[in-house]
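This report refers to the structure that appears directly beneath it.
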Amino acid sequence: MNALRNYQRELDRIIEKRGVDVPTLLLHSCCAPCSSYVMEYLRGYFRLTVFYYNPNISPDEEYRKRVAEEKRLIEAYNAQLTAADAGGSTDEEPGAAGNGGYPIEMIEGDYEPEQFSQIAGGREDCPEGGERCFACYELRLRKTAARAAAGGFDYFATTLTVSPLKNAAKLNEIGERLAAEYGTAWLPSDFKKKNGYKRSVELSKAYGLYRQDYCGCVYSKAERERQKRERGETERM
């Protein structure tokens, strides 16, 4: 794992060197707030298909709420393009990069909480951000890589690197290994750079997105509740 690599700079180079044909990207999304900036940023350079696959999220009601917000945000982004085209675009192609980007498609993966339970087994006591999280990264990215290969996408990537709480170097390491295995290029990223995380917070407010206070799994929820209790105890002292 190379924490010294500048993944944002690597992404910039890929964007700068792209040809006339617009590359396709299967973008794994962890949630609408994190994807807000990433989609805004990438939709002018790639034909995006968002892949929502997050078996770590629980309970079922929480999963449904999050996936509904993802769909709502994508619909809002695409509506912007429709409105711009209706206003009379001068671009040769509707929705081209000079007019705010290309339309975004979405694939909702299967909700398979049992898959997360399997990889979490034996890692229940791992701290947040440790080996259990790394196994969860791979579970979701492996499914994304397989889907990208089957669909003939040029690249696959994840919105997870926008979060300051996620290990961007580890995510890129896993992505590159899976790219070699499945034969579809990994798009390097560290989306928190260029104030990406800050922008995601701004966009979440602008679109009124549901912004959860834990990653998604029962372990992250328990950790967040523990932190809340400790803050409450500190405030009373």
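The values are calculated or read from the model by the stated rules, or taken from the named source; none is laboratory data. All of these numbers come straight from a predicted model, not from anything done at the bench. Cβ coordinates were reconstructed from backbone atoms using ideal geometry, including for glycine residues, and neighbour counts include every protein chain displayed.
Selection within the stretch 49-65: residues that are over 12 Å from the mean Cα position of the chain (by Cα) and touching a residue at least 12 places away in the same chain (Cβ under 8 Å). The member of this set that is surrounded by the fewest Cβ atoms within 10 Å (Cβ to Cβ) is Asp60.
Check the stretch 220-235 and report whether any residue there is under 29 Å from Leu4 (Cβ atoms) and under 14 Å from the mean Cα position of the chain (by Cα).
no
Taking the listed residues Leu11, Leu48, the one that is at negative phi, part of a helix (DSSP H, G or I) and aliphatic (A, V, I, L, M) is Leu11, with no other qualifying. Checked against the criteria, Phe191 does not count as surrounded by 13 or more Cβ atoms within 10 Å (Cβ to Cβ), touching a strand residue (DSSP E or B) at 6+ places or on another chain (Cβ under 7 Å), under 25 Å from Glu40 (Cβ atoms) and modelled with pLDDT of 95 or more. Scanning the stretch 128-139 for residues that are in a helix (DSSP H, G or I), out of contact with any helix residue (DSSP H, G or I) (no Cβ under 8 Å at 6 or more places or on another chain) and in contact (Cβ under 8 Å) with a residue 12 or more places away in the chain returns a single hit, Cys133. From the list Ala150, Ala179, Ala145, the lone residue that is closer than 25 Å to Val22 by Cβ, without any contact (Cβ under 8 Å) to a residue 12 or more places away in the chain and either assigned to a helix (DSSP H, G or I) or out of contact with any Asp or Glu (no Cβ under 8 Å at 6 or more places or on another chain) (or both) is Ala150. In this entry, Ser200 is excluded by the filter for residues that are among the polar types (S, T, N, Q), within 27 Å of Ile119 (Cβ to Cβ) and out of contact with any Pro (no Cβ under 7 Å at 6 or more places or on another chain).
Would the stretch 140-151 turn up any residue that is polar (S, T, N, Q), closer than 22 Å to Tyr111 by Cα and modelled with pLDDT of 95 or more? Break it down stepwise before answering.
Taking the stretch 140-151 first, the residues polar (S, T, N, Q) are 144.
The next check asks that each one be closer than 22 Å to Tyr111 by Cα; those that pass are 144.
Next cut, modelled with pLDDT of 95 or more only: 144.
So far as the stretch 140-151 goes, yes, one or more of its residues are polar (S, T, N, Q), closer than 22 Å to Tyr111 by Cα and modelled with pLDDT of 95 or more.
Gly216 - would you say it is more than 21 Å from Val50 (Cα to Cα) and assigned to a loop (DSSP other than H, G, I, E, B)? Criteria not met by Gly216. Suppose the filter is charged (D, E, K, R) and more than 18 Å from the chain's Cα centre (by Cα); does Glu176 pass it? No: the conditions fail for Glu176.
Quickly run through the stretch 156-176 and pick out the residues that are touching an Asp or Glu at 6+ places or on another chain (Cβ under 7 Å), of a type in the set (A, V, I, L, M) and either within 23 Å of Tyr45 (Cα to Cα) or surrounded by 24 or more Cβ atoms within 10 Å (Cβ to Cβ) (or both). Break it down stepwise before answering.
Going through the stretch 156-176, the residues touching an Asp or Glu at 6+ places or on another chain (Cβ under 7 Å) turn out to be 161, 168, 174.
Restricting the remaining residues to those that are of a type in the set (A, V, I, L, M) gives 168, 174.
Result: Ala168, single match.
Looking only at residues that are of a type in the set (S, T, N, Q) and surrounded by 13 or more Cβ atoms within 10 Å (Cβ to Cβ) in the stretch 194-218, which one is modelled with the lowest pLDDT? Spell out the reasoning first.
Looking only at the stretch 194-218, we keep the residues that are of a type in the set (S, T, N, Q), and these are 195, 200, 204, 212.
Then keep just the ones that are surrounded by 13 or more Cβ atoms within 10 Å (Cβ to Cβ); that gives 200, 204, 212.
Working: Ser200: 97, Ser204: 97, Gln212: 85.
Result: Gln212.
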